[in-house]
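The values are calculated or read from the model by the stated rules, or taken from the named source; none is laboratory data. All figures in this text were calculated on a predicted structure; none of them were measured in a lab. We place every Cβ from the backbone using ideal geometry, glycine too, and count neighbours over all the protein chains shown. Accessible surface is based on the protein model in full, side chains and every heavy atom, while ligands, DNA and RNA are left aside. Shrake-Rupley method; radii C 1.70, N 1.55, O 1.52, S 1.80 Å.
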Amino acid sequence: METMKAIYDKLVKWIENIPHDKLLHFIAGGVIASFFAIVIGATAEYCVLFSSIAGCIKEAVDEWRKPGAWSYADLLATILGGLVIQIEVWIA
């Protein structure tokens, strides 16, 4: 059985390997979903919907500014950030 220190070290190494841009997209999705969950009082299902819409708009703007810049990985990271908040709202 692994010690907590070994598990922590593996988790930190895994997080460090995630590209900085993807972490920012994940955080943005979470912030957007949190805003709609807390301030607007949207139900949990709408939290991930709003982060998905925001991610699509961001990628559409990137594509408009520089053709070929659309990134499904960035969109997925944004949606996953909203999904984490949605799950937290369901639990609470």
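For the stretch 42-92, what are the residues that are aromatic (Phe, Trp, Tyr) and modelled with pLDDT of 85 or more? If you could, list the steps in order and put the result at the bottom.
Taking the stretch 42-92 as the starting set, the residues that turn out to be aromatic (Phe, Trp, Tyr) are 46, 50, 64, 70, 72, 90.
Result: 50, 64, 70, 72.
Checking the condition surrounded by 11 or more Cβ atoms within 10 Å (Cβ to Cβ), of a type in the set (A, V, I, L, M, F, W, C) and in a helix (DSSP H, G or I), which residue from 11, 80 passes?
Numbers: 11 fails: surrounded by 11 or more Cβ atoms within 10 Å (Cβ to Cβ).
Going through 11, 80 in turn, just one is surrounded by 11 or more Cβ atoms within 10 Å (Cβ to Cβ), of a type in the set (A, V, I, L, M, F, W, C) and in a helix (DSSP H, G or I): 80.
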*Would you mind stating whether residue 40 is open to solvent by 90 Å² or more (accessible area, probe 1.4 Å), over 14 Å from residue 80 (Cβ atoms), outside any helix (DSSP H, G or I) and out of contact with any strand residue (DSSP E or B) (no Cβ under 8 Å at 6 or more places or on another chain)?*
yes
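Being without any contact (Cβ under 8 Å) to a residue 24 or more places away in the chain, open to solvent by 50 Å² or more (accessible area, probe 1.4 Å) and not in a loop (DSSP other than H, G, I, E, B): is that true of residue 90 here?
Numbers: without any contact (Cβ under 8 Å) to a residue 24 or more places away in the chain: no; open to solvent by 50 Å² or more (accessible area, probe 1.4 Å): yes; not in a loop (DSSP other than H, G, I, E, B): yes.
Judged against the criteria, residue 90 is not a match.
In this structure, is residue 22 touching a residue at least 40 places away in the same chain (Cβ under 8 Å), assigned to a helix (DSSP H, G or I) and surrounded by 10 or more Cβ atoms within 10 Å (Cβ to Cβ)? Give the derivation first.
Numbers: touching a residue at least 40 places away in the same chain (Cβ under 8 Å): yes; assigned to a helix (DSSP H, G or I): yes; surrounded by 10 or more Cβ atoms within 10 Å (Cβ to Cβ): yes.
Criteria met by residue 22.
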*What residue, of 60, 69, is assigned to a helix (DSSP H, G or I), open to solvent by 30 Å² or more (accessible area, probe 1.4 Å) and aliphatic (A, V, I, L, M)?*
60
*Out of curiosity, is residue 69 out of contact with any Pro (no Cβ under 9 Å at 6 or more places or on another chain) and either without any contact (Cβ under 8 Å) to a residue 24 or more places away in the chain or polar (S, T, N, Q) (or both)?*
yes
